[in-house]
Amino acid sequence: MSLDDAPPAAPDHDGQHDQVRQSLRRVLQRFGPEYWATVDRELAFPDEFFGVMAQAGYLGVLIPTELGGLNLGPGIASIIVEEINRAGGDASFINAQMAICGTLVRDGSDEQRQRYLPGIADGSVRLLTVAATEPDSGADMSKLASVARRDGDGWIIDAQKVFISMARETRLMMLLVRTDEGPTIFLLDREEYGDRIELRPIDMIANRLTTTMFIDSLRVPDSTRLGPVGGGLKCLMKGFPVRRILAAAESIGNGRFFVDRSLEHAKTRHTFGRPIGQNQGVQYPLVQAYAKVEAADLMRWDAVRLVESGQNASGRSALAKILASEAAWEAGRAALTTFGGWGLSAEYHVERKLRDATIFVFNNMLMSFVAERVLGLPKAF
């Protein structure tokens, strides 16, 4: 049985999930692993792919219909990123555009929503970046050094951020800084302020077009503030369950890419007069990888069920992301076992996808969240 034969992990009573998968697979035939290898090698943004996905309407699946989107929910969004990665692609560019705008949908002003969301849905406006992480505080958002100070009816911003993905390719970015009232988000339009935002590239293991960012004494009007003063973390946290679900779906797609490719190779590669898939040393790692990917998929759909029914999905989405990222990593190891030395060759795309999978395996903060909020253990120090 191949993964294509596996029963669906989530109810699909009207066939919508299957329709989306089949439609996506037709689109993705134009953007196979070789396309993504070129994007990766050139450290480029996949402009052609992004445009095709925008034309098909996929960028607006989490945006309300009255603002130009499709409002299809996180389940469909997760299928989109899963299928891109399963086809050998890199869904991070689409994931960012689909998911980051959730904060704007929920907490943006009417003027911000009307001005930007239709363009985000049709791809003419890119919102790809949340600038939050800092060199010294890392992910500890209570220790932000970047600040915004009141200046009459506006603000003066001084900020230094690190590990900021796709900042050079985005028009809009969300910037989290400290104010007297607490962490606050500003929505910066680089068409207006780009000449005051310095970006320096960072070479990373995978192509995320990562930069450091510097802002010195940038004055902005209060209309650039997104959400309440001091409420920035709460605004971002509302979107964490969906962001985790999509990260899990990316990992599930990566895991299925590894298993798909490994099964094909195990059945067609012959040594000592027989297919290598006849060897237990190849079979067992693939069975274990397959099982873990399928289990993570079930957790993904359980988290989707909670989100789409309006229930608290924080714990389940955290578990989905943890399980899926570890399953993809295990599947990558199984692929290396199957391909041997060829798994390290760019020709088979395993090494590139292993680099992509690496991005998702940093789960310490999620582990702490589950320990404290789900299992009721004391807060770790």
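The values are calculated or read from the model by the stated rules, or taken from the named source; none is laboratory data. For clarity, every value in this text was computed on a predicted model and none was experimentally measured. Cβ placement follows ideal geometry from the backbone for every residue including glycine, while neighbour counts extend to all protein chains displayed.
Please determine, by comparing only the residues of the stretch 198-242 that are among the hydroxyl-bearing types (Ser, Thr, Tyr) and not in a strand (DSSP E or B), which one is surrounded by the fewest Cβ atoms within 10 Å (Cβ to Cβ). Give the derivation first.
Taking the stretch 198-242 first, the residues among the hydroxyl-bearing types (Ser, Thr, Tyr) are 210-212, 217, 223-224.
Checking which are not in a strand (DSSP E or B) leaves us with 223-224.
On the way: Ser223: 13, Thr224: 21.
Checked the stretch 198-242; the qualifying residue surrounded by the fewest Cβ atoms within 10 Å (Cβ to Cβ) is Ser223.
Which members of the stretch 92-145 meet the condition of being part of a loop (DSSP other than H, G, I, E, B) and on the phi > 0 side of the Ramachandran plot?
Within the stretch 92-145, the subset part of a loop (DSSP other than H, G, I, E, B) is 100, 108-109, 123-126, 132-133, 135-137, 139-140, 144-145.
Gly123, the sole residue that qualifies.
Go through (1) surrounded by 15 or more Cβ atoms within 10 Å (Cβ to Cβ); (2) over 18 Å from the mean Cα position of the chain (by Cα); (3) assigned to a strand (DSSP E or B) and name the single condition Met174 misses.
Among (1) surrounded by 15 or more Cβ atoms within 10 Å (Cβ to Cβ); (2) over 18 Å from the mean Cα position of the chain (by Cα); (3) assigned to a strand (DSSP E or B), the lone unmet condition for Met174 is (2).
Out of (1) more than 20 Å from Cys235 (Cβ to Cβ); (2) touching a strand residue (DSSP E or B) at 6+ places or on another chain (Cβ under 7 Å), what's the single condition that is false for Gly194?
Exception for Gly194: condition (2).
Every residue, every condition in (1) over 22 Å from Asp110 (Cα atoms); (2) more than 15 Å from the chain's Cα centre (by Cα), yes or no:
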| site | (1), (2) |
| --- | --- |
| Glu48 | yes, yes |
| Val52 | yes, yes |
| Gly57 | yes, yes |
| Leu62 | no, no |
| Gly69 | no, yes |
| Pro74 | yes, no |
| Ile79 | yes, no |
| Arg86 | yes, no |
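So, Arg256, is that one basic (Lys, Arg), surrounded by 22 or more Cβ atoms within 10 Å (Cβ to Cβ) and at negative phi or not? Quick ask: steps written out before the conclusion?
Values: basic (Lys, Arg): yes; surrounded by 22 or more Cβ atoms within 10 Å (Cβ to Cβ): yes; at negative phi: yes.
Against the criterion (basic (Lys, Arg), surrounded by 22 or more Cβ atoms within 10 Å (Cβ to Cβ) and at negative phi), Arg256 qualifies.
Out of everything in the stretch 103-143 that is among the small types (Gly, Ala, Ser), in contact with a strand residue (DSSP E or B) (Cβ under 7 Å, 6 or more places away or on another chain) and in the same structural domain as Leu187 (by TED's automatic domain parsing), what residue ends up being surrounded by the most Cβ atoms within 10 Å (Cβ to Cβ)? Walk me through it before giving the result.
Step one: filter the stretch 103-143 for residues among the small types (Gly, Ala, Ser), giving 108-109, 119, 121, 123-124, 131-132, 137-139, 142.
Retained after the next criterion (residues that are in contact with a strand residue (DSSP E or B) (Cβ under 7 Å, 6 or more places away or on another chain)): 108, 131-132.
Within this subset, residues satisfying the condition of being in the same structural domain as Leu187 (by TED's automatic domain parsing) are 131-132.
Numbers: Ala131: 28, Ala132: 23.
Only one residue tops the list, namely Ala131.
Residues to consider are Leu226, Leu209, Leu246, Leu218; find the one that is more than 30 Å from Glu294 (Cβ to Cβ), outside the structural domain of Gly108 (by TED's automatic domain parsing) and touching a Pro at 6+ places or on another chain (Cβ under 8 Å). If you could, list the steps in order and put the result at the bottom.
Details: Leu226 fails: touching a Pro at 6+ places or on another chain (Cβ under 8 Å); Leu246 fails: more than 30 Å from Glu294 (Cβ to Cβ); Leu218 fails: touching a Pro at 6+ places or on another chain (Cβ under 8 Å).
Being more than 30 Å from Glu294 (Cβ to Cβ), outside the structural domain of Gly108 (by TED's automatic domain parsing) and touching a Pro at 6+ places or on another chain (Cβ under 8 Å) holds for just one of Leu226, Leu209, Leu246, Leu218, which is Leu209.
Considering only the stretch 65-91, state which residues are buried (at least 22 other Cβ atoms within 10 Å of the Cβ), in a helix (DSSP H, G or I) and either in contact with an Asp or Glu (Cβ under 6 Å, 6 or more places away or on another chain) or not hydroxyl-bearing (Ser, Thr, Tyr) (or both).
If the condition is that a residue be buried (at least 22 other Cβ atoms within 10 Å of the Cβ), in a helix (DSSP H, G or I) and either in contact with an Asp or Glu (Cβ under 6 Å, 6 or more places away or on another chain) or not hydroxyl-bearing (Ser, Thr, Tyr) (or both), then Pro74, Gly75, Ala77, Ile79, Ile80, Val81, Glu82, Glu83, Ile84, Asn85, Arg86 are the ones that fit.
Within the stretch 343-359, can one find any residue that is outside the structural domain of Glu83 (by TED's automatic domain parsing), within 17 Å of the chain's Cα centre (by Cα) and not in a helix (DSSP H, G or I)?
The answer is yes; a qualifying residue exists.
List every residue pair whose Cβ atoms lie under 7 Å apart, where the two residues are 6 or more positions apart in sequence or sit on different chains, the first residue falls within the stretch 33-48 and is free of Cβ contacts under 8 Å to residues at least 12 places away in the same chain, and the second residue, located anywhere, is part of a helix (DSSP H, G or I).
From residues that are free of Cβ contacts under 8 Å to residues at least 12 places away in the same chain, there are no pairs.
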